[in-house]
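Undergrad: The structure is given below, and queries will be raised subsequently.
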Amino acid sequence: WNKRGVSSETLKPLQGGVAKEGRMKNRFVFPVFNSKDQIIGFSGRYIFPIPENSKTPKWKHMGDKKEWKYPLKVNSKILKKNKKVALVESIGDMLALWEAGVKNVIVVFGLNVSTAIVNTLISLDPNKIIIALNNDSSYNNAGNIAAEKAMNKLRRYFDYSQLSINLPSHGDFGDMTKDDIKLWAEESNI
C-alpha cells in the first residue's frame, strides 16, 4: 500500500498486514471487526501483479460481507460527529479517501448496500449520504448502475435531500490524485 501512496499512518489503525500462508497468502489482509471488537471477517488484496489470463481475484473476502460495517471500529466517532457519509466499493477506495483527509467513509464491499449498512446509517442519522461507487462508465457501467440501485434502496429510509450520487471523477478513488479527491470532496460537500 505504501507503494500505492497510502501511508503507514493511515494503515496502522486498520490493523492489517501481509498473509504469508493460508487462504489469504500473498494478500494484504484487513480484519473486519463487529461492535464487540471481535473479528468477523477478512478482506485481502493480492500484493503481486495479476497475470492477464489468471483467475486470481484482486480482492478476496472471508466471512459474511452482508454483516460488515467497515471501518466503523476506527471511524464511528468521525461519522457521528461529521453527520456525512460516503459509501464506497472497496477498502482501496477508502484508503485513497483517507489519505486525502476524508475519513467519514463506509465500505460496501461490492455493489450492494447491505441491510446492516442501512441499519448503521439509520442509527447514525446523517445529514448527507454520498453514494460514491466506482465510475465504470468507460467499462461496463456496473458501479454506475449499482449507484442508482443504492439510491433507490436508501430513498425508502432517507429523505431525498439527504442522498446524492457523486462518483469518482476517474474509475475509482485509487486512480485519483489527492487534489482530485479533495476537489471531489468539496463538490460533494463532505
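Undergrad: Which one, 14, 35, 56, projects farthest toward the positive side of the charge dipole computed for the chain from Cβ point charges (K/R +1, D/E -1)?
TA: Going by the Cα projections, it comes out as 35.
Undergrad: Now a separate question. How big is the dipole moment of the chain about its Cα centre under a simple scheme where the beta carbon of each Lys and Arg is +1, that of each Asp and Glu is -1, and everything else is neutral? Debye, nearest 20, please.
TA: Details: 29 positive and 19 negative charges, 149 e Å.
Around 720 debye, computed over the chain.
Undergrad: A further question on this structure: Spin-label point model (7 Å from Cα, Cβ direction): what's the residue 161 to residue 53 distance in nm?
TA: With each label placed 7 Å out from Cα toward Cβ, I get 5.8 nm.
Undergrad: While we're here: If you take the beta carbon distance between residue 123 and residue 38 as r and set R0 to 22 Å, what does 1/(1 + (r/R0)^6) give as a FRET efficiency, to the nearest 0.05? All intermediate terms of the calculation are to be shown ahead of the outcome.
TA: Working: r = 19 Å, r/R0 = 0.87.
Rounded to the nearest 0.05, the efficiency is 0.70.
Undergrad: Determine the percent antiparallel among the DSSP beta bridges restricted to the chain, to the nearest 5. Mind showing how you got there, number by number?
TA: Details: 16 of 26 bridges.
Bridges in the chain are about 60 percent antiparallel.
Undergrad: Any of 25/60; 81/103; 36/83; 36/80 with alpha carbons more than 21 Å apart? Name them for me.
TA: Going by Cα-Cα distance, 36/83 fall outside the 21 Å limit.
Undergrad: Let me ask you something else. Check which residues have an amide H placed less than 5 Å from residue 190's amide H, if you skip close sequence neighbours.
TA: Long-range HN contacts for residue 190: none found.
Undergrad: Determine the calculated [θ] at 222 nm for the chain from helices alone, applying -39500 (n - 2.57) to every DSSP H run no shorter than 4 residues and normalising by the residue count; nearest 500 deg cm²/dmol.
TA: Mean residue ellipticity, 222 nm, calculated: -9000 deg cm²/dmol.
Undergrad: Taking θ = phi - 60°, what integer Hz values does the Karplus form 6.51 cos²θ - 1.76 cosθ + 1.60 yield along region 108-113, in sequence order, with x for Gly and Pro?
TA: 9, 6, x, 10, 10, 8
Undergrad: Please sort 72-84, 44-56, 170-182 by packing, taking for each peptide the average over its residues of neighbouring beta carbons within 10 angstrom, highest first.
TA: Result, highest mean first: 170-182, 72-84, 44-56.
Undergrad: Using a 1.4 angstrom probe, figure out how much accessible area region 10-58 has per residue, in square angstrom, rounded to the nearest whole.
TA: On a per-residue basis, region 10-58 sits at 68 Å².
Undergrad: Which distance in Å, rounded to a whole number, links the C-alpha centroids of region 166-190 and region 8-78?
TA: Each part's Cα centre sits 23 Å from the other's.
Undergrad: Rank 188, 169 by accessible area, highest first, at a 1.4 Å probe radius?
TA: From most accessible down to least: 169, 188.
The values are calculated or read from the model by the stated rules, or taken from the named source; none is laboratory data. Fair warning: this is a prediction, and the values are worked out from it, not measured in the lab. So basically every Cβ, Gly included, is an ideal-geometry build from the backbone, and we count neighbours across all protein chains shown. Ligands, DNA and RNA are excluded from the accessible area calculation, which covers all protein heavy atoms including side chains. Shrake-Rupley method; radii C 1.70, N 1.55, O 1.52, S 1.80 Å.
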